[in-house]
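Take a look at the structure below.
No value in this document is a laboratory result; all are computed from the given coordinates. Keep in mind it's a predicted model, so treat the numbers as computed, not measured. Reconstructed Cβ throughout: ideal geometry from the backbone, glycine too, with neighbour counts over all protein chains shown.
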Amino acid sequence: MSAESSQNQTPSPANETQTTQSHPTMADNVEPAFGWTAYAERLNGRFAMIGFVLLLLIELVTGMDLFTWLGLR
């Protein structure tokens, strides 16, 4: 086999999954800090998802939308 033919071979699926798996890095282990940080954005997104699900549950249980439930309509 020449060097060119070995470079043109497609990697096997086993080798491909080993190279594409991500390992935890220092960027993933961010700590709370002030300002627009990855930690703050991740936490804000999680709270937004929880709030949205709770809003849907309130509408499902009460049969009223949020404004009616709060007495604003």
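At a glance:
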| quantity | calculated |
| --- | --- |
| Pairwise label distance in nanometres, F52 with D65, each label 7 Å out on the Cα-Cβ vector | 1.8 nm |
| Cβ-defined net charge surrounding F52, 13 Å radius [Lys, Arg +1; Asp, Glu -1] | 0 |
